[in-house]
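Since the structure comes first, as structure tokens, the remarks are kept for the end.
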Amino acid sequence: NMKAAGMVPLTLNAADMKALVSYVSSLGGTSSATAAAPASGAAAPAPAKGKAAATAAPAMNALESKGEASFKAHRCADCHGGNGVAGTAAAPALAGKNLTPAVVTTMLQHPTARMHQGGMPPISVGGEELKALVAYVSYISASKGNSQ
């Protein structure tokens, strides 16, 4: 997936690779590759001393899962980033914002002038789809930027 997205292979010595892995790990994100050993067969670096181990986000419930599908269908990730991580200057990341369902509902139903200026399209969802989208955005906004 990384190659398909344009990532080029890195050719780093062991010390530089360890420093890079340490830096990326300090950012707090996780991936499915985190538990895998590096390609060289060396053991993965131990977590830095004094840092608490990252806790996994709770699994999504059925409503949040439906909301994730709506988030993808409405192409929200195009601006707010996949799973609400790494948005743009005009459309900030949603992860780590701790947005309540009431706040998300209000923002979707009544976008602010700043949201309009940033290119936020009108959201014409209601009923169960709105509840699901709100549940998913609330779920990802409670995360610290970890991939789900």
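What does the extension gain come out to for Asn13 and Lys72, with contour length at 0.36 nm per residue minus their alpha carbon separation? If you can, show how the numbers build up before the last one.
Details: separation 59, 0.36 × 59 = 21.24 nm, distance 3.88 nm.
Fully extending the segment from Asn13 to Lys72 adds 17.4 nm.
For a quick protection proxy, order the peptides 101-113, 71-83, 126-138, 11-23 by their average other-Cβ count within 10 Å, most packed first.
Values: 101-113: 13.8, 71-83: 16.7, 126-138: 19.3, 11-23: 11.4.
In descending order of packing, they fall as 126-138, 71-83, 101-113, 11-23.
Let's test the formula: R0 of 25 Å, r as the Cβ-Cβ distance of Ala142 and Ala90. What FRET efficiency results, to the nearest 0.05?
On the way: r = 23 Å, r/R0 = 0.92.
Using R0 = 25 Å, I get an efficiency of 0.60.
Values in this text are rule-based calculations from the coordinates and carry no lab data. Just so we're clear, the structure is a prediction, and the values are computed from it rather than from any experiment. Quick reminder, even Gly has a Cβ in these numbers, built from the backbone with ideal geometry, and neighbours come from all protein chains shown.
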